[in-house]
Structure formats: C-alpha cells, structure tokens
Ligand code: PRP
C-alpha cells in the first residue's frame, strides 16, 4: 500500500485529480463527507487529507510515503525528505511587504512580522541586515498597519490582501509552488510505484506548458 498525504483544500483537489489521471484513482474520495482516509486496495493506494502545512511532517516521519507540500513549508522547516517534482500548482511568492512609501534607511533594527521565521532570518542575514523578528500565526498584514512591525515577510498570491490593506510588495524573496515529496526510506522500498507516479505527474505538468 502506498500512503499519500494530500493537502486539504483546493490545491489538494487539483493534486488528487493528477493522481487519478496517473491511474491511481480512489472514487470514494470525491463523495461529500468528513472522512479523511480513502483506500483503493486494488490500486494499492491510500490517500489521507491533512492540513497543508503538516504534509511534510507525515512524509518525513514515514506515516505517508509521498505527499504534496508547498515550497514555503520545505524552505521554512527543511524536512528530511526527497523533493521529486515541481507540480507548478499553487503558485505564489514569498515577499517582503509593507506600507507603499516605506523605505528602509538602515538606521535602526528592522522589525519584521512573519509566520516564516527561518525564511525571513536567512533572507536578512544574506543582506547583512539586523532584524527583530516578530512571530505571528496569521493575518500578518495587520502588523505594519498597527505599528507592531515595519514590514512583513509573507506569501503573496493575487496581491489582493496587500492591496485591500494599503500595503505593497517591497521585495520578492522566492517563488513558491507545490512540490511532490517522498519519504527517504519509502523511496528505496516502494521506489517502483513512486517513480511511476512521479513520471506520470511530470508528463502532466509538461503537457500543461
Ligand atoms: C495567505 C497569506 C496572505 C494571503 C495572500 O494567507 O498569508 O495573507 O494568503 O493571498 P493574496 O495575495 O491572494 O491576497 P492565508 O489565507 O493562508 O491566511 P493567514 O492569514 O492565516 O496566513
């Protein structure tokens, strides 16, 4: 049985459709309900819906053999997994944002609010800029508006959240998209099936371009 961790939500639905196309369907998954685990014994596959930011934990610890996680999570937590393929879904970017007219004159420590503490720290370390990190769990955009921080490091997809809160992208740090990841030992023991899925998904990505 190949255990697959799918990110719950819109991205997960698209990802499952790709697995289905690859010949690993599990029709029950499309039925409405609150069930989280689905199995197709004949195809030798078991899917489970997990919180998108938890996929990498399931895969790293071997509870899932493969899964789909955002590059943001892989960069932030650096799980010990193989990154097999860029699915080119869920595209967005990690960016520094702040008030439109903000200019960092370097005079004092920059206050940065973010969920992505490691990404932000590494980015500013690379610039040699001293920062004070303020770790938040969501609605990061509020921080500079209320004066809690000077800027934020966050995910920007359409840009509407920033726009509607009078903020703007100041610098792009890195592009983000969904990645197929594999548990390292599963990749040895279930390699044939994993590689088969990987190459079918790859062909689907290439066909899209
Ligand atoms: C993410 C991100 C931004 C928003 C960006 O938040 O943190 O707030 O989406 O998308 P946009 O550019 O299309 O507006 P999410 O909805 O995941 O909620 P959060 O506030 O809990 O981070």
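Considering the range 27-41, and only residues there that are over 24 Å from the mean Cα position of the chain (by Cα) and at pLDDT 95 or above, the residue that is farthest from residue 205 (Cα to Cα) turns out to be 41.
The single condition from (1) assigned to a strand (DSSP E or B); (2) within 16 Å of the ligand (Cβ to nearest atom); (3) under 30 Å from residue 83 (Cα atoms) that residue 181 fails is (2). Within the range 133-145, the set of residues being touching a strand residue (DSSP E or B) at 6+ places or on another chain (Cβ under 9 Å) and within 14 Å of the ligand (Cβ to nearest atom) comprises 135, 136, 140, 141, 142, 143, 144, 145.
Restricting attention to the range 2-27, the residues being more than 25 Å from residue 74 (Cα to Cα) and loosely packed, with under 13 Cβ neighbours inside 10 Å number 2. Residues in the range 14-21: is at least one at pLDDT below 95 and assigned to a helix (DSSP H, G or I)? Scanning the range 14-21 turns up no residue that is at pLDDT below 95 and assigned to a helix (DSSP H, G or I). Each residue in the range 80-119 was checked for being farther than 17 Å from residue 177 by Cβ and in contact with a helix residue (DSSP H, G or I) (Cβ under 9 Å, 6 or more places away or on another chain), and 14 of them qualify.
The residue of the range 146-169 that is farthest from the ligand (Cβ to nearest atom), among those that are under 14 Å from residue 111 (Cβ atoms) and surrounded by 14 or more Cβ atoms within 10 Å (Cβ to Cβ), is 150.
Restricting attention to the range 110-132, the residues being under 22 Å from residue 166 (Cα atoms) and away from the ligand (no atom under 16 Å from the Cβ) number 2.
Yes or no, residue by residue, for (1) over 25 Å from the mean Cα position of the chain (by Cα); (2) surrounded by 13 or more Cβ atoms within 10 Å (Cβ to Cβ); (3) closer than 11 Å to residue 151 by Cα:
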| residue | (1), (2), (3) |
| --- | --- |
| 86 | no, yes, no |
| 95 | no, yes, yes |
| 110 | yes, yes, yes |
| 126 | no, no, no |
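At least 2 residues being without any contact (Cβ under 8 Å) to a residue 40 or more places away in the chain is the threshold, and among the helices (runs of 4 or more DSSP H) wholly inside the range 30-147 those reaching it are 117-127, 142-145. Inspect the range 40-49 for any residue being crowded, with 22+ Cβ neighbours inside 10 Å, in contact with a helix residue (DSSP H, G or I) (Cβ under 7 Å, 6 or more places away or on another chain) and over 22 Å from residue 195 (Cβ atoms) and give the result as yes or no. No; the residues of the range 40-49 include none that is crowded, with 22+ Cβ neighbours inside 10 Å, in contact with a helix residue (DSSP H, G or I) (Cβ under 7 Å, 6 or more places away or on another chain) and over 22 Å from residue 195 (Cβ atoms).
The values are calculated or read from the model by the stated rules, or taken from the named source; none is laboratory data. No experiment lies behind these values; they were computed from the predicted model shown. Backbone-built Cβ (ideal geometry, glycine too); neighbour counts: all protein chains shown.
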